[in-house]
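This report refers to the structure that appears directly beneath it.
The values are calculated or read from the model by the stated rules, or taken from the named source; none is laboratory data. Everything quoted here is computed from the prediction, not taken from an experiment. All Cβ positions, glycine included, derive from the backbone under ideal geometry; neighbour counts span all protein chains shown. In case anyone asks, the SASA skips ligands and DNA or RNA and just uses the protein heavy atoms, side chains included. Shrake-Rupley method; radii C 1.70, N 1.55, O 1.52, S 1.80 Å.
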Amino acid sequence: MYALLKKLLKLWIRFDQKTAVELPRLDPGKPVIYVVRWQSLSDSMAADLFLEHHRLPRLREVSSDRPLVALELKRRYQRRLRRRGEASTLGMLCQRVHDDESLDYQLVPVNVFWGRAPNRESSLFRVLFSDRWTIPGPIRKFFTVLFNGRNTFVEVSAPVSLRELQQGTRSAEHISRKAHRVLRVHFNRVRRRVLGPDLSHRRTLLTQIVHSAPVRQAITQHARSQKSTLEKSRQQAVHYLEEIMADISHPTIRVLDIFLSWLWNRIYNGVSINNIEAIKQAAQQNAIVYVPCHRSHIDYLLLSYCLYHQGLSLPHIAAGKNLNMPIVGSILRRGGAFFMRRSFKGDKLYTAVFNEYLYQMFSRGFPVEYFVEGGRSRTGRMLVPKAGMLSMNVRSFLRGHEESHELPMKFVPVYIGYEKVFEANSYLKELRGRSKQSESVLGLLGTVRRLKNYGTVNLNFGTPIDLGQLISDTAPDWRQQVQQDSRPAWINQVVHELSEQIAKGINKAAALNSINLLALVLLSSPRNAQDRNSLVQQLNIYCDLLRAVPYSDEMSFPPGNPDQWLDHAIGMKVVEKIEQPLGDIYSLNDHQAVLMTYYRNNILHLFAVPALICCGLQVHGTAKTRETLRKQLTLIYGYVRRELFLHWSLETALEKADAYIDKLLEQGLIVADGEDLRATKEPERLVHFMELSRLMMPTLERYYLTLATLDASGQSSLSAGQLESRAQEVAQLVSVLNGLNAPEFFDKSLFKQFVQTLREKEVIHTDADNRIRFDQRVPDGLAAAESLLNPELVRNVNWITGQWRTGD
């Protein structure tokens, strides 16, 4: 009967092939036993068909009726075994291992999910009968197979040695109990990773939050301060919760899956996903917080879509209240978004409600996603992380420990790399001074209508950051301190270190693609143009540098070769091909040149160290020793590291600098004369050397004009805000005088970040009137920088700042 039913099921069932099947490595010398969670005929047959399809070894003689062993038996079957005095199949195997020391079985867990696999169809019946945490009855199971049998997701896990489980046990019964416990925990972890935590009803969760101690206390304080009744304050708390809470709906998720599949196929050539396996492992035992960079409104849709198709649970996504628009807001809420205000200041009740909601999410193990930058990057650089959500996260984790609900938590940095960002033009206008346009339904529809070919997207997952380990590194005895003080002094330090690690983790996972590489080359070329041969050579030089001295193990290279990358960019109308009798020229027009600064900035940090080395050698062909170059790098590296969120320490950067110098010598861009190093004199190689040296010039020029502005203004003349504004004005004027058509050159946030770094390094400090005073390192830095920069730019900066020095 089993064989007949399996043949019938084979005609109907289809396995999900969107996610790559990873089969376990089995020891051919040991018998294999496949274990399913529940005693289910359909699950066993589905698993059996999957094993047959992938030709995995099976041992049938352990069971008289089915080739798989069930961990949880039905009650009537358990009663039958007790009446007969017989052991279950797993119990029988444990008895064999206990009696025969030479015998071992490989227990291989097999997870079967009906209807979990994403598909292009949508049906109410498919959703109603898709897999849940609850155990279905026979009628529900029949309809589950009927409606979702063609969307079956099977995962075969790594084997567990029954002999290893036997160690430290006294009897076969003890082995059986241990095996049940280990396998049950494993099945629960996989189920949580695939389906998400066991969802309680939204109304139940809302009631639980409102009745929690922190929210009740906030309600009492709100009623007292507003001179209102407790009931009105409680209703206000409920109103806040309904405004905040996600309301995940499986029908909505299916509809979004259909729409997004159509959208991605319309606008993208593909999505490349890297380093996902480490995340799948981490998701089984930890609460996961996804912290991607924020480049586009597409980010959260793309990340959720890819996680869903990789068999991972959908995260709850923190979205700005500005996205809670009519219609769109409801759809996003049902897709997993929860909404938050830009600022919580002045509303303690809202703060308490939001904090409690976050705590409930984390304590229940829900994956959460938010953007630590706070908003989308307008320059393509990684922005300084905001501490707000991270601080709430850390406090929720500590509260979970205090209340014995601690769940290991890991932050997953995610780098999202686009070949084209559809908001790029609006970013450019905002950098030039236009105010940000508010989101609207009509604007969103207009954007979707205009979407076309936007190339390939890279989704690179970084190394997960263990929050518990990070706290232990900062405060080794934090568990005891939390019990005594719910707000220990080291929390701010932990939040700061966490934000730094996340930003650096995102940049570690950077993705090179054809567009950002071409932006890197053409924007450092005179007039933003090159011939094909020179362009291809420069691309090869950049990629060879990073392959020889990788920035990290998580970064990725584009497929293909430089010739293909160039043709791809032409096809996307990013690069113009100008046909000439003596050879074609490839260039960027004025508009594209400005837009391409965004994509260059995505990967600029990868080349910071070799570019700084070349900066030190490019002036008048001056020869310098390695030690001199190391001293120059030491002087500037701390500021560059802070701005570009480089993960190398100074010591590591100096070691990498030696490796880069060796590679540059091999490439012929620099030459050695004994201990002296200098730029090559060979014309073609010198062109490539100069282009590499120009990569970091805008950064050094910005530092120089900031210091020049400070030095010219004098001691105790400017506040930090005034220095930032005045330096920005100088940068705007210099960009006009020197023909720098790049609005990101005078982005105020970059000046603010540099001034903050000067303060942290105690180069500057403020007096009693909050005016800046500085030490000798400012004029010394100016003198050192003048020898590296374009003399025309130095003259223009000195002319502008000289007016303040003379009082004009």
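Could you tell me whether region 665-682 includes any residue that is in a helix (DSSP H, G or I) and either open to solvent by less than 20 Å² (accessible area, probe 1.4 Å) or in contact with a helix residue (DSSP H, G or I) (Cβ under 7 Å, 6 or more places away or on another chain) (or both)? Yes: one or more hits. The sole residue among Ala237, Ala278 that is of a type in the set (Gly, Ala, Ser) and either assigned to a strand (DSSP E or B) or buried (at least 18 other Cβ atoms within 10 Å of the Cβ) (or both) is Ala237. Residues of region 159-188 that are of a type in the set (Lys, Arg) and at pLDDT 80 or above: Arg163, Arg177, Lys178, Arg181, Arg184. From the list Tyr542, Tyr599, the one residue that fits, being more than 19 Å from Tyr268 (Cα to Cα) and of a type in the set (Ser, Thr, Tyr), is Tyr542. A search for C-beta distances below 8 Å between a residue of region 770-784 that is closer than 16 Å to Tyr703 by Cα and any residue that is open to solvent by 30 Å² or more (accessible area, probe 1.4 Å) and among the polar types (S, T, N, Q), counting only pairs 6+ apart in sequence or on different chains, returns Phe774/Gln715; Ala784/Gln632.
Could you check Thr622 against (1) part of a loop (DSSP other than H, G, I, E, B); (2) in contact (Cβ under 8 Å) with a residue 60 or more places away in the chain and say which number it fails? Among (1) part of a loop (DSSP other than H, G, I, E, B); (2) in contact (Cβ under 8 Å) with a residue 60 or more places away in the chain, the lone unmet condition for Thr622 is (2).
Candidates Ala657, Ala742: the one that is modelled with pLDDT under 90 and within 30 Å of Asp544 (Cβ to Cβ) is Ala742. Being open to solvent by 40 Å² or more (accessible area, probe 1.4 Å) and modelled with pLDDT of 95 or more holds for only one residue in Asp584, Asp544, Asp553, Asp567, and it is Asp544. Only one entry in Leu332, Leu383, Leu398, Leu358 is crowded, with 19+ Cβ neighbours inside 10 Å, in a helix (DSSP H, G or I), in contact (Cβ under 8 Å) with a residue 60 or more places away in the chain and not β-branched (Val, Ile, Thr), namely Leu398. Residues that are buried (at least 20 other Cβ atoms within 10 Å of the Cβ) and at pLDDT below 90 within region 297-309 comprise Ile298, Tyr300, Tyr308, listed in sequence order. Being under 35 Å from the mean Cα position of the chain (by Cα) and farther than 21 Å from Asn533 by Cβ, is that true of even one residue in region 665-687? Checking region 665-687: not a single residue is under 35 Å from the mean Cα position of the chain (by Cα) and farther than 21 Å from Asn533 by Cβ.
Any residue at all in region 540-548 that is β-branched (Val, Ile, Thr), more than 28 Å from Ala653 (Cα to Cα) and outside any loop (DSSP other than H, G, I, E, B)? Looking through region 540-548, none of the residues is β-branched (Val, Ile, Thr), more than 28 Å from Ala653 (Cα to Cα) and outside any loop (DSSP other than H, G, I, E, B).
Looking across region 253-274, just one residue is in a strand (DSSP E or B) and either open to solvent by 60 Å² or more (accessible area, probe 1.4 Å) or at positive phi (or both), and that is Gly270.
Residues of region 503-540 that are among the basic types (Lys, Arg) and at pLDDT 95 or above: Lys504, Lys508. Of the residues making up region 286-329, those that are part of a helix (DSSP H, G or I) and β-branched (Val, Ile, Thr) number 2. Pro315 satisfies every condition listed in (1) at pLDDT 85 or above; (2) out of contact with any helix residue (DSSP H, G or I) (no Cβ under 7 Å at 6 or more places or on another chain) except (2).
Taken over region 747-802, the residue count meeting the criterion of being in contact with a Ser or Thr (Cβ under 9 Å, 6 or more places away or on another chain), among the hydroxyl-bearing types (Ser, Thr, Tyr), surrounded by 15 or more Cβ atoms within 10 Å (Cβ to Cβ) and under 30 Å from Pro385 (Cβ atoms) is 1.
Residues that are among the aliphatic types (A, V, I, L, M) and either open to solvent by less than 30 Å² (accessible area, probe 1.4 Å) or modelled with pLDDT of 85 or more (or both) within region 401-411 comprise just one, Met409.
Scanning region 70-103 for residues that are over 26 Å from Asp48 (Cα atoms) and modelled with pLDDT of 65 or more yields a total of 8. Is it true that some residue in region 162-174 is open to solvent by 10 Å² or more (accessible area, probe 1.4 Å) and touching a Leu at 6+ places or on another chain (Cβ under 7 Å)? No, every residue in region 162-174 fails to be open to solvent by 10 Å² or more (accessible area, probe 1.4 Å) and touching a Leu at 6+ places or on another chain (Cβ under 7 Å). Within region 240-252, take every residue that is hydroxyl-bearing (Ser, Thr, Tyr) and part of a helix (DSSP H, G or I) and give me the one that is surrounded by the fewest Cβ atoms within 10 Å (Cβ to Cβ). Among residues in region 240-252 that are hydroxyl-bearing (Ser, Thr, Tyr) and part of a helix (DSSP H, G or I), the one surrounded by the fewest Cβ atoms within 10 Å (Cβ to Cβ) is Thr252. Of the residues making up region 467-525, just one is in contact with a Pro (Cβ under 6 Å, 6 or more places away or on another chain) and without any contact (Cβ under 8 Å) to a residue 12 or more places away in the chain, namely Gln481. Which residues, taken from region 767-801, are touching a helix residue (DSSP H, G or I) at 6+ places or on another chain (Cβ under 7 Å) and not in a helix (DSSP H, G or I)? If the condition is that a residue be touching a helix residue (DSSP H, G or I) at 6+ places or on another chain (Cβ under 7 Å) and not in a helix (DSSP H, G or I), then Ile772, Phe774, Leu788, Leu789 are the ones that fit.
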